[in-house]
Amino acid sequence: MSPAVDHTAQTDDQPVVRLRGVGVRFGTNRVLENVSLDLHAGSITALLGTNGAGKSTLIGTVSGANAHYTGDIEVGGVPARISSPTVARRAGIETVHQKISDGIVPGLSVADNAVLTDLAVSGRPVLRRSDTEAAARTALSRLGLSWSDEVLRADAGRLGTSDAQLLVLARALRGRPRLLILDEPTSALTAAEADRLFDVLRALRAEGLAILFVSHRFGEIERLADRIVVLRDGSPALDVARPFDWHAALEAMLGVPTELQQHVVAPLPPGESVLSVRGAVLLPGAAPLDLTVHAGQVTGVLGLLGAGKTELAEILCGVREAGTATLEREGRPYAPRTPAAAQAAGIVLVPEDRQRQGIQPGWSIAHTVGLPELRRVATAWGVLRGAEERRRAAAVVADFGVVTTSVAERVDDLSGGNQQKVIVGRWLATDPQVAVLDEPFRGVDIGARRTIGTAVRARASEGKAVVVLTSDVDEVLEVADRLVVLVSGRVTLDVAAGERDRATIVAALLDDPHHPEESV
């Protein structure tokens, strides 16, 4: 196996990658306009912007996905035409995209996936399994991972989201790139895994790597970045080095004066019990869990990856068998065997993974919104009523501020945050009595987060029940009336919002009262 080319050596202050007047147009829609940006060795640049600001298009352009850009790109001081991802890799530009499933080839082993780009860059296939596994171990060790032979030989398509993300990152680093682009890299990681990633990125920065880091989490950027660049409406709105003025950054993102402060809700008192579960075993070996959800209240369930949040959501909504657990809906036995049965009982689920579980590729916004209520958008003979479908979709677009040209636009062509608004909006538009939202704020900017949060609060104020499951402390504090903390499938805290300070909540989340802020 040929050794990887080390692109990281830098002999002067010449930017690793320089953009000058870069623009991208999709049809009549100009997505990027006159973007100029220098990315230097040994520096972490954070790219910020609301969903639809052009971040993904900029990343795609630098990584070779948008070949028909205007303007100029230089790599190492030399003009370059980044016409494909392969050209970008050969120039030393590696990208880890937010949609991790696109970077994994199911059916191939974990080891094969770890060295997958060798063929594209060198043209030489890897034939011997021993060489492949040795190369995979070397790549993974850079992230402090020591996966067993059994894992290396397993089908990569069976990896969880977090492990798949780490695998794709290890593969990107294997080529010793000069520029590493990370799009929302911590969205599926636990706090401990994110800390480990940050340690790796700091070490790579010290080695001279240029890093472009996309995140909606200001806390992460404050900890990690040397510089922030804000895009708004496809153009640069701010480019500053430390120390960061977050009020200015937020104003540059949104385009209007605003206050950067935690939104404080006026807690709503609990109403009648509308949904309860007793004796639910969320994880192997975990103690049985009891939970009651009340009308007119947002119940926030906080837990890290692997805490059992998704298992709880799926039991409540008929996706997962309840086992020996018993459920009641308004005091009567409730045993949904399918999500359709749960929906018939007035309970809906907004799933954690919108790409795999919420979106049909190629479908329009109108079709996507209309799917949960086909009987209402079709005639008694099963003929789709297009006008009604479009009307419902237009209402969701208006209510949630979805950035789109038309409800006929493909939902998978929207930015991640706008996709999330469509998915959340379509389920809330069914007027459920209980809405269960699993990680509804993942991968969305602060503006989209507040839009979704406002809609959630409105549901509760109308007397409906909402369950929001998240791994982010600040997200749950912004929206919940009641806070339930899950650790390894068990409840470590169950209090009304405002009864505990943030440090106590974090301690319950980590189940370690002696070090409440550690790893967060």
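The values are calculated or read from the model by the stated rules, or taken from the named source; none is laboratory data. Because the structure is a prediction, the values reported are computed rather than measured. Neighbour counts run over all protein chains shown; Cβ positions are idealised from the backbone, glycine included.
Taking the conditions (1) at pLDDT 85 or above; (2) more than 26 Å from the chain's Cα centre (by Cα) in turn, D13 satisfies each one other than (1).
Here S101 meets the list (1) out of contact with any Asp or Glu (no Cβ under 8 Å at 6 or more places or on another chain); (2) among the hydroxyl-bearing types (S, T, Y); (3) modelled with pLDDT of 90 or more almost entirely, failing just condition (3).
Residues in the stretch 64-97 that are polar (S, T, N, Q), out of contact with any Gly (no Cβ under 6 Å at 6 or more places or on another chain) and surrounded by 20 or more Cβ atoms within 10 Å (Cβ to Cβ): T95 alone.
Kindly check whether there is at least one residue in the stretch 479-499 that is buried (at least 24 other Cβ atoms within 10 Å of the Cβ) and either basic (K, R) or closer than 21 Å to T50 by Cα (or both). Yes, because at least one residue in the stretch 479-499 is buried (at least 24 other Cβ atoms within 10 Å of the Cβ) and either basic (K, R) or closer than 21 Å to T50 by Cα (or both). Of the set (1) touching a residue at least 40 places away in the same chain (Cβ under 8 Å); (2) surrounded by fewer than 22 Cβ atoms within 10 Å (Cβ to Cβ), all apply to V467 but (2). In the set L37, L32, only one residue is out of contact with any Phe, Trp or Tyr (no Cβ under 8 Å at 6 or more places or on another chain), part of a strand (DSSP E or B) and either assigned by TED's automatic domain parsing to the domain that holds E207 or on the phi > 0 side of the Ramachandran plot (or both); that residue is L37.
Conditions (1) farther than 20 Å from S215 by Cβ; (2) in contact with a helix residue (DSSP H, G or I) (Cβ under 7 Å, 6 or more places away or on another chain); (3) assigned to a helix (DSSP H, G or I), marked per residue:
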| residue | (1), (2), (3) |
| --- | --- |
| D13 | yes, no, no |
| G23 | yes, no, no |
| G52 | no, yes, no |
| P106 | yes, yes, no |
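Counting the residues of the stretch 328-344 that are among the aliphatic types (A, V, I, L, M) and crowded, with 20+ Cβ neighbours inside 10 Å gives 1. In this structure, is S83 modelled with pLDDT under 95 and among the polar types (S, T, N, Q)? Criteria met by S83.
Test T57 against the criterion of being closer than 30 Å to A156 by Cα, buried (at least 19 other Cβ atoms within 10 Å of the Cβ), within 27 Å of the chain's Cα centre (by Cα) and modelled with pLDDT under 95, and give yes or no. Here the answer is yes, as T57 does meet what is asked. From the residues in the stretch 379-395 that are at pLDDT below 90 and assigned to a helix (DSSP H, G or I), which one is surrounded by the most Cβ atoms within 10 Å (Cβ to Cβ)? Here the residue is A393.
Sub-7 Å Cβ pairs linking a first residue in the stretch 84-97 that is within 13 Å of N66 (Cβ to Cβ) to a second residue that is surrounded by fewer than 20 Cβ atoms within 10 Å (Cβ to Cβ) and small (G, A, S), at least 6 apart or interchain, are S84/A67; P85/A65, ordered by first then second residue. When V78, V110 are checked against the criterion of being free of Cβ contacts under 8 Å to residues at least 12 places away in the same chain and among the β-branched types (V, I, T), V78 stands alone in meeting it. When the stretch 291-319 is limited to residues that are in contact with a helix residue (DSSP H, G or I) (Cβ under 8 Å, 6 or more places away or on another chain) and without any contact (Cβ under 8 Å) to a residue 60 or more places away in the chain, the one that is surrounded by the fewest Cβ atoms within 10 Å (Cβ to Cβ) turns out to be V319.
Would you confirm whether any residue within the stretch 211-229 is among the aromatic types (F, W, Y), crowded, with 17+ Cβ neighbours inside 10 Å, in the same structural domain as A136 (by TED's automatic domain parsing) and at pLDDT below 85? Among the residues of the stretch 211-229, at least one is among the aromatic types (F, W, Y), crowded, with 17+ Cβ neighbours inside 10 Å, in the same structural domain as A136 (by TED's automatic domain parsing) and at pLDDT below 85, which makes the answer yes. Residues of the stretch 398-422 that are part of a helix (DSSP H, G or I), of a type in the set (A, V, I, L, M) and surrounded by fewer than 23 Cβ atoms within 10 Å (Cβ to Cβ): A398 alone. Mind telling me which of the residues D195, D245, D183 ends up being closer than 30 Å to L509 by Cα, crowded, with 18+ Cβ neighbours inside 10 Å and either touching a helix residue (DSSP H, G or I) at 6+ places or on another chain (Cβ under 6 Å) or acidic (D, E) (or both)? D183 is the lone residue from the list that is closer than 30 Å to L509 by Cα, crowded, with 18+ Cβ neighbours inside 10 Å and either touching a helix residue (DSSP H, G or I) at 6+ places or on another chain (Cβ under 6 Å) or acidic (D, E) (or both).
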